[in-house]
Amino acid sequence: VPAFVLFLTMVLGTIVMSAYYSLLDWNRFQKPIFFGLNNFINLFAYDSADSVIFYKSVRNALMLAFLSVFVQLPIALFFALILARGIRGENFFRTVYFIPVVISAVIIGQ
């Protein structure tokens, strides 16, 4: 129970503080000024430079999600099915597939 309370405090604390900071005009070096929902109005307005960056970021995130699900996943599933069938040279292909995992662990360990 104490670990759950600590976890809940940390999670809810960060959510509440993020919501509070989103309502301020503050750069950490000056006194914070309450800005209200103007930050969000500026973000969703089509004429500000920040909104252009925001909408481009949303588009990129949606494109990444789409490509991951509809391109990367079927390719990975295809190769997994091929390796699960017991083809000739199966151990070789599994080794080639797993080498990057081992190499990264070796490099980090040095």
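The values are calculated or read from the model by the stated rules, or taken from the named source; none is laboratory data. What you see is a predicted model, and the numbers here were worked out from it, not measured in a lab. Note that we place each Cβ from the backbone using ideal geometry, even for glycine, and neighbour counts take in every protein chain shown.
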Among residues of region 1-41 being under 24 Å from the mean Cα position of the chain (by Cα) and either modelled with pLDDT under 90 or charged (D, E, K, R) (or both), the residue surrounded by the most Cβ atoms within 10 Å (Cβ to Cβ) is N39
Pairs returned, first residue in region 89-108 that is in contact (Cβ under 8 Å) with a residue 24 or more places away in the chain and farther than 19 Å from A76 by Cβ, second residue that is assigned to a helix (DSSP H, G or I) and of a type outside the set (D, E, K, R), beta-carbon separation under 6 angstrom, 6 or more apart or interchain, are none
The residue from Y46, Y55 that alone is surrounded by 11 or more Cβ atoms within 10 Å (Cβ to Cβ) and either more than 20 Å from the chain's Cα centre (by Cα) or part of a helix (DSSP H, G or I) (or both) is Y55
Examine region 16-23 for a residue that is closer than 29 Å to S51 by Cβ and part of a strand (DSSP E or B), and state whether such a residue exists. no
### Message
Can you confirm whether F66 is out of contact with any helix residue (DSSP H, G or I) (no Cβ under 7 Å at 6 or more places or on another chain) and closer than 30 Å to V96 by Cα?
### Response
yes
